[in-house]
Amino acid sequence: MRIAIGSDHAGFKYKEAIKAFLAEKGHEVVDFGTNSEEPVDYPLFIHPTAVAVAEGRTERGIVLGGSGNGEAIVANRVKGVRCAVCWNEETASLGRHHNDANVISMGERMIGLEMALRIVEIWLEEPFDGGRHLKRIEMIDQLI
């Protein structure tokens, strides 16, 4: 799978670890930055990550920051992106099963690295349930 990834300075360490994890699993990673822990403005890196997913240049995307909240807000401003903020296994699973999340957002200051990697793994493996949930996604797309 081709996966976009972007972070601000507060998510940089996890971005690098997740990139290695994804490469080890055989995925192609497109990194939209940032490239250090030097303070930056997260929209500059999160928006291009989300756009890559929306335009189909990547199949999925991962965005990271200190909490993951601002990053999810930016990603969800892009039509066609369904970004779920994930902080445990259940939020990752439900994001896929119920929301067909094509982007996830995590906060490096909120969860441990092991949990972050587990979230990525679940999000990559779990399917979308469709059914009643598809109707809701279609409704969201009509609102945007």
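The values are calculated or read from the model by the stated rules, or taken from the named source; none is laboratory data. What you are looking at is a predicted structure, and each value in this text was computed from that prediction instead of being measured. We place every Cβ from the backbone using ideal geometry, glycine too, and count neighbours over all the protein chains shown. Accessible surface is based on the protein model in full, side chains and every heavy atom, while ligands, DNA and RNA are left aside. Shrake-Rupley method; radii C 1.70, N 1.55, O 1.52, S 1.80 Å.
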Dipole magnitude of the chain about its Cα centre, charges +1 at Lys/Arg Cβ and -1 at Asp/Glu Cβ only, in debye to the nearest 20? 380 debye
Max mean-square fluctuation residue, GNM over the chain, Cα-Cα springs under 10 Å, options 15, 79, 25: 25
With eigenvalues of the C-alpha gyration tensor scaled by 5 and rooted, the chain, Å: 22, 17, 14
Under a point-charge model restricted to the Cβ atoms of Lys and Arg (+1) and Asp and Glu (-1), what is the dipole moment magnitude of the range 1-54 relative to its Cα centre, in debye to the nearest 20? 240 debye
For the range 91-144, compute Rh as the Kirkwood radius over C-alpha pairs and then the Stokes-Einstein diffusion coefficient at 10 °C and 1.306 mPa s; write the answer in µm²/s, rounded to an integer. 132 µm²/s
Given a 1.4 Å probe and the protein chains all in place, what does the accessible area of residue 31 round to, in Å² to the nearest 10? 50 Å²
Under 18 Å from residue 25, Cα to Cα: aspartates and glutamates that are on another chain or at least 8 residues apart: 16, 59, 114, 121, 125, 126
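Given a cut-off of under 8 Å on Cα pairs at least six residues apart, what relative contact order in percent is computed for the chain? If you can, show how the numbers build up before the last one.
On the way: 296 pairs, mean separation 33.3, N = 144.
After rounding, I find 23 percent.
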Take each of the peptides 86-98, 52-64, average the number of other beta-carbon atoms within 10 Å over its residues, and list them starting from the highest. 52-64, 86-98
If the chain between residue 133 and residue 90 were fully extended at 0.36 nm per residue, the gain over the current Cα-Cα distance would be 13.8 nm
Inter-label distance, nm, simple model (7 Å from Cα along the C-beta direction), residue 44/residue 142: 4.0 nm
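With only Lys, Arg, Asp and Glu charged, each at its Cβ (+1 for the first two, -1 for the last two), find how big the charge dipole of the range 64-144 is about the Cα centre; round to the nearest 20 debye. All intermediate terms of the calculation are to be shown ahead of the outcome.
Details: 9 positive and 12 negative charges, 80 e Å.
In total the dipole reaches around 380 debye.
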